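Novice: Handing you a structure now.
Please treat every number below as a calculation from the coordinates, not as lab data. Note that the coordinates shown come from a computational prediction; the quantities given were computed from them, not determined experimentally. Positions of Cβ are backbone-derived with ideal geometry, glycine not excepted, and every protein chain shown enters the neighbour counts.
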Amino acid sequence: MQPADAPQRPRVGRRRSWLIPSLVGGYLAVVTLFMVFVLHISVSPERFLLLMLIAALVLGRARLFLADWIPFLVLFLSYEYLRGLGGKLGMPIHDVTSLERLISFGQVPTLLLQQAFYQPGHFHQSHVSWYDIAATMFYFLHFAFPLGLGYLFWVVDRRTFLRFSRALIAMSFAAFVFYLLLPVAPPWKVLPSVVKIIDHTLPSFTDIPGIPVPATVYHWLTPNQYAAMPSLHAAYPLLGTLFALRLWGRRAWPALAYTACVWLSIVYLGEHYVVDIIGGVIFVLAVFFGEDWFTRFWAQRRSDRAEAKLATSARSSS
């Protein structure tokens, strides 16, 4: 008998079961790349929601999509709004460079990577290296990857999506409390020799070029420059990967490679220390296994209530 919290796998042939998710994933990937490289606009949560809604309309699941995703997006944007408060409440800003050197044998990996690969003085997009652009893309897909992966979960197995979204929101708000009480500066803020590379690669990929005001709700939100630890840039793809491995097994291994590319990129770009990534991993493991425990606990509680109700009904009818 299948456990109550087991993924609800569709009972169809293997090829057919992967046809719709493959088409949906390809659609989201192509449109996302078109927005970034051709239109030069960022993939904000609201824009991604519209892309997913179009696919849901085609699949005939628009009403269920709105019921599942609107609350999730509202909570997600609420976290983003609150995140901007970090570092503004008078709490001391922490510099974890010494801790970074402690775990990295006296070195700072960001400095090593930039000294080896970054070419200073090339400040125009046409002069930067291809890997500068690639690293920036991994950084800017911070929302697109977890939302896109969550959408594939929703298409294939709604229960996995609900569990993933619950874990993502819980982790985000837990990180917000950490940012509020213990703001941490990123490498480019505290180390003069670290270059903020994204200022020289894709500085216009934050909104619609030529429009002086933000075009989405997300772009009205104030960013937090002291939300370095834990790194949610590192945590989001890892959390999605763990849920993908649980649902798809070895077929989810490319998500592991993507996660590794994100981790390498955020360190090279000077946005995060390695210790920030470690903090993100700790948060992921805590929320992943914590959500697992909560799901089993809640299923057992509902089962106990159902059994008690049946026992009560049996006694009353006898």
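Novice: Go through 52-60, 164-172 and give me the packing order, highest mean Cβ count within 10 Å leading. Could you put the intermediate results ahead of the total?
Specialist: Details: 52-60: 15.3, 164-172: 21.4.
Per-residue mean Cβ counts within 10 Å order the peptides as 164-172, 52-60.
Novice: May I ask you to sort Tyr131, Tyr27, Tyr236 by Cβ crowding, counting other Cβ atoms within 10 Å and putting the fewest first? Present the calculation step by step, with values, prior to reporting the outcome.
Specialist: On the way: Tyr131 13, Tyr27 16, Tyr236 24.
Taking fewest neighbouring Cβ atoms as first place, the list is Tyr131, Tyr27, Tyr236.
Novice: Provide the packing ranking of 95-105, 278-288, 292-302, 188-198, i.e. peptides ordered by the mean count of other C-beta atoms within 10 Å per residue, highest first. Don't skip to the end; give the middle numbers.
Specialist: Details: 95-105: 14.8, 278-288: 19.2, 292-302: 12.5, 188-198: 16.8.
Order by mean packing, descending: 278-288, 188-198, 95-105, 292-302.
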